[in-house]
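Quick notes on the structure that follows.
Nothing in this text is a laboratory measurement; each read-out follows from the coordinates by a stated rule. Since this is a predicted model, take the numbers as computed values, not measurements. Neighbour counts are summed over all protein chains in view; Cβ atoms, including those assigned to glycine, are modelled from backbone coordinates with ideal geometry.
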Amino acid sequence: MGRKVAMLFSFLLCYSLLAQSNYTAQRKRMVDNQIKARGIDNVTTLYALLNVPRHLFVPEDLKPLAYNDNPLPIGNGQTISQPYIVAYMTQALRLKKDDRVLEIGTGSGYQAAVLAKIVDSVYTIEIVEELAMSAKERLRNLNYSNVVVRRGDGYNGWPDKAPFDAIMVTAGAEYIPQPLIDQLKVGGRMIIPVGPHNQVRQLVLITKKKNKVVKRNVMAVRFVPFTREE
Ligand code: SAH
């Protein structure tokens, strides 16, 4: 009996190790073919994408698709962005280790985990209670101790933790929320998809200078909408 249990146990162990190395290989291919191949070359961004286990941020039945070149549904009508978009937005923020970063739209927590591999502190706000709860639990289980998740309407930012070196909005807004600009440090960067509801939007990269706010459209993108609390 004891031997059978031991055999079963070692079989399971081998199986999970194989599955694990399979995901590691898929992740390496994702970084090479989808991200480096399209010109992302920031070393810390590539490191983060290579090391965050994206398959643990998608629903169980979609795990085999986790490293595909597209967004995926994560429940509550929301999606986890395409890996390339995650990488592009991350690189665009020109992050440094001691930066304090705010994300609006936690979703699965994947983008927050990517940011957490690069900077010391990440604050992230999610409007859907269920997603905020599950992302918080997932990030805790995976030991991302430098991410703080809060449920709320990200329109208002996080005044208690401001100012931020960088802000990333991962839901498509119709215009740029002023409180977010206000909570950016001078020299700070923000990236946000902006445009009319349910249409292709422009990813806008914003730099806050001493006396002005510089905005530049960098790419056309599709995002789930930025919603507001009643
Ligand atoms: N960054 C996520 C994907 C985000 S999808 C990931 O890595 O998985 C966009 C998310 O923004 C959704 O979960 C949506 O509920 C959330 N959202 C939309 N409007 C919001 C708002 N006003 N404040 C905070 N979160 C918002």
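Points worth noting:
- Here the label points at residue 161 and residue 5, each 7 Å from Cα along the C-beta direction, are separated by 4.5 nm in the simple model.
- Linear extension gain, residue 20 paired with residue 151, 0.36 nm per residue minus alpha-carbon span: 44.0 nm
- Max mean-square fluctuation residue, GNM over the chain, Cα-Cα springs under 10 Å, options 217, 70, 141: 141
- Kirkwood-based Rg to Rh ratio, the chain, C-alpha trace: 1.01
- The antiparallel fraction among DSSP beta bridges confined to the chain stands at about 45%.
- Using R0 = 25 Å, the C-beta based FRET efficiency linking residue 198 and residue 63 works out to 0.30.
- Residues in segment 161-174 carry Karplus couplings, in order, of 9, 6, x, 10, 6, 8, 10, 10, 9, 10, 10, x, 9, 7 Hz; the curve used is 6.51 cos²θ - 1.76 cosθ + 1.60 with θ = phi - 60°, and Gly or Pro positions show x.
- For segment 38-53, Karplus couplings with θ = phi - 60° (6.51, -1.76, 1.60), whole Hz, Gly/Pro x: 9, x, 6, 10, 5, 4, 6, 5, 5, 4, 5, 5, 6, 10, 8, x
- Whole-number percent relative contact order across the chain, with pairs defined as alpha carbons under 8 Å at least 6 apart: 13 percent
- Cross-link partners of residue 136 among lysines, defined as those whose alpha carbon lies under 23 angstrom from its own and excluding same-chain residues fewer than eight positions apart: 63, 97, 117, 161.
- Whole-Hz Karplus values for segment 177-192 come out as x, 4, x, 6, 4, 4, 8, 8, 5, 5, x, x, 10, 9, 10, 8 Hz, taken residue by residue from phi with 6.51 cos²θ - 1.76 cosθ + 1.60 and θ = phi - 60°; glycine and proline positions read x.
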